[in-house]
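Asks: Got a structure here, written out as structure tokens. Questions coming.
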Amino acid sequence: MARLSLLGAASLGLICGGAVAAELVIPINAIDASGIGASIGTLTVKDSKAGAVVTPKLVGLSSGPHGFHVHENPSCAPKDQDGKPVAGLAAGGHFDPDKSGKHEGPWGRGHKGDMPALAVNGDGTASDAVTVPNLKVADLKGRSVIIHAGADNYADQPKPLGGGGPRVACGVVP
């Protein structure tokens, strides 16, 4: 009888999340100044001892490295800036709960939403997981994830916020 109780307790822990790392799946869509476009895939985010592990299953992106960040607001909509709509601007700035005001990359002490670059293959697919040491699944709730057109140098020079450029894809965290 004691053995059944222990097995039952272990099963309950698994069902309730006691022994299973938190996980979410974020749908990602192309975005532009006119709004939210077609689905381009998903990001699966799981907690690990080393931080959040983000695994993309994406298609339709330009090849090469892309800036990749958690943003403050749960929106992928365009927003006007200087009288013109800007893709994904309603997502706000990089997630920075400590108000550091610094863009130091995922290994620095700046924005908590800075993630390692998203690597996109020559065929426009991305599937290589990245680990974000300063982030947990719980941090993503009520936020969005933005993919930028270009790479991120994790500095504010020569361009602000790493120089990733326009926002090309976005997902609101469910």
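None of the figures in this text is laboratory data; all of them are computed from the coordinates on show. Everything numeric in this text was worked out from a predicted model, so none of it was measured. Note that each Cβ is placed from the backbone with ideal geometry, even for glycine, and that neighbours are counted across all protein chains shown.
Asks: Taking the Cβ of each residue in His148, His111 as the centre, tally the other Cβ atoms inside 10 Å and list the residues starting with the fewest.
Replies: His148, His111
Asks: May I pose another question? Treating the beta-carbon of each Lys and Arg as +1 and of each Asp and Glu as -1, no other charges, what is the dipole magnitude of segment 64-174 about its Cα centre, to the nearest 20 debye?
Replies: I would put it at about 220 debye.
Asks: How big is the Cα convex hull of segment 22-172 in projection, averaged over all directions, in nm²?
Replies: Projected over every direction and averaged, the Cα hull of segment 22-172 covers 8.1 nm².
Asks: Next question. Taking amide H atoms as placed 1.01 Å from N in the peptide plane, list the residues 5 or more away in sequence, or in a different chain, whose amide H sits under 5 Å from that of Val168.
Replies: Amide H neighbours of Val168, under 5 Å, 5+ apart: Ile147, His148, Ala149.
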